[in-house]
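Input: a single structure, listed below in structure tokens.
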Amino acid sequence: MAHRNKAGASKASRAKKTPKETPVVTGPNMDSLGFLAMDSNVPGLSQVILQKLNMKSYDDYRSAVEGRKLCTDFGIRSYFEMFQKMEDTFKFCVECKKLPESMPDPKSLRRCKRCQNVYYCGSECQRANWPTHKKVCKKLKLVALDRLVEWLVFTGDIPFLTSPWTKRILEVRGWEDYFSMQDGLEEKLSNIMTGRYMNILWANAGKPKPEEAELLESVKRVMTDFVSRPATIGLGLCLFHLDPYAKPITVHVVGASHVETLNARVTDYNELSRMFPKHQGIEVVMVGVDVVDGPIMRPPLVAFGPRERVYLSSYKGLYHDFWESQVETQQAAWPDIVVGFHPGFHACHDLMESWLPTLLLLRDYKIPSLFTVYSEQEMKNSLKILMELETQITGCGANPFASLKPEQAYSNPNKPPVYCNSHYMMFWGLSAPPDELDIGELDGGEEERD
């Protein structure tokens, strides 16, 4: 019961403490951990990326991503140069891990013709690596294609405007059902396929243009990557029996990275309005140390806007700091549900330390929570931690709205690709005493809470 006692004491102290007006952002930066970890597999790869971007350090990279500052010589003169520099960051021998500058002839690197994704410094490395690579070669072909098509996100071609859902979310079994609800789908996809930027892409990509059917499937996979987040939130609302038709709903997205925040434009999260037509209002507040710094979009958060609207806000910092400075001072609404996309607390001690106060807070205040992970194994590891913290697990399983776009381990391409929001876990308050806990409950995934 050590966790319960510790959590109870921390809860009491939170209630008495005077909230800090400007909390200090502490804790590991998810983006920097991933960026710098590349060198553990391919020494010097992070520096190659910075060099291609004309940047000196990760701080320069971060500032550019957040739109705060660009280095003086940052810039790309042509589309061809942009795609070439992007491809250059993948140029290392996947078998011996050598970078081009460490080879007698940097031009000796050759790309796998099948997947157009991995490189080898010679035939010996290619033969040695083939037993491993052949297991993922077909999937890596999809990775390479989607990586290029994803550029259409930045041109505004993707995501396209979607239609109101004609089925309840629990009746939508997957993406085939989702796309079947889209009015004029063929025309929308055709506009993307024949659009100006699609033509620019393949005129400058330095790779052969795939068949139209392959390209069409890639566009749809990239589209699911966007809809996956709001659809997962909608799934959480239904599984926790939260009714957006009965009252306004507040959703806190915890641990949100800068990529999620940039991609989660208001137009994308308006998918919630199409999932729940004529809802009473939905507020989505993104909280995390990786969130792009900037003003909350619609203060004060306790004042709900008109019906049928989704509002997006952000807060840069740890969730328990946000709770003290915003929720406990009634500057932000108490959440109806907390959603975490890939929190990663199972991955390392530092991340778990920064997540522990948040997990205990969610447990002690009995806040319905849903977290997603990249794989079934990550789900099992995370569930083990949640059970050690004596949280009540109310469901888990494969997410019907998992992204279809495969994600590649950047510096270790031959690892099997994973998928965003692949699996989900639901927890709500404290677990029952050990003699009452039914572990079989984990097999369900859609049980009703008490």
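The values are calculated or read from the model by the stated rules, or taken from the named source; none is laboratory data. Predicted model only: the values in this text are computed from it and were never measured. Cβ coordinates were reconstructed from backbone atoms using ideal geometry, including for glycine residues, and neighbour counts include every protein chain displayed.
With respect to the stated conditions, Thr162 fails to be at pLDDT below 90 and under 23 Å from the mean Cα position of the chain (by Cα). For the stretch 200-222, the condition holds for no residue, the condition being that it is closer than 26 Å to Ser314 by Cβ, surrounded by 22 or more Cβ atoms within 10 Å (Cβ to Cβ) and out of contact with any Asp or Glu (no Cβ under 7 Å at 6 or more places or on another chain).
All of (1) under 19 Å from Leu404 (Cβ atoms); (2) touching an Asp or Glu at 6+ places or on another chain (Cβ under 9 Å) hold for Glu95 with one exception: (1).
Just checking, does the stretch 114-132 include any residue being in the same structural domain as Phe80 (by TED's automatic domain parsing), among the charged types (D, E, K, R), out of contact with any Leu (no Cβ under 9 Å at 6 or more places or on another chain) and outside any helix (DSSP H, G or I)? The answer is no; no qualifying residue exists. Of the residues making up the stretch 346-366, those that are more than 14 Å from Gly288 (Cα to Cα) and not hydrophobic (A, V, I, L, M, F, W, C) are His346, His349, Asp350, Glu353, Arg363, Asp364, Tyr365, Lys366.
Search the stretch 128-150 for residues being without any contact (Cβ under 8 Å) to a residue 60 or more places away in the chain and of a type in the set (A, V, I, L, M, F, W, C), and hand back the single one that is surrounded by the most Cβ atoms within 10 Å (Cβ to Cβ). The extreme case among them is Cys137.
Applying the criterion of being more than 14 Å from the chain's Cα centre (by Cα) and buried (at least 16 other Cβ atoms within 10 Å of the Cβ) to the residues of the stretch 410-419, the residue that is modelled with the highest pLDDT is Pro417. Going through the stretch 196-220 one residue at a time, which ones are outside any helix (DSSP H, G or I) and more than 19 Å from Ser78 (Cβ to Cβ)? Correct list: Pro208, Pro210, Glu211.
The single condition among (1) under 26 Å from the mean Cα position of the chain (by Cα); (2) surrounded by fewer than 20 Cβ atoms within 10 Å (Cβ to Cβ); (3) assigned to a helix (DSSP H, G or I); (4) in the same structural domain as Phe80 (by TED's automatic domain parsing) that Phe179 does not satisfy is (4).
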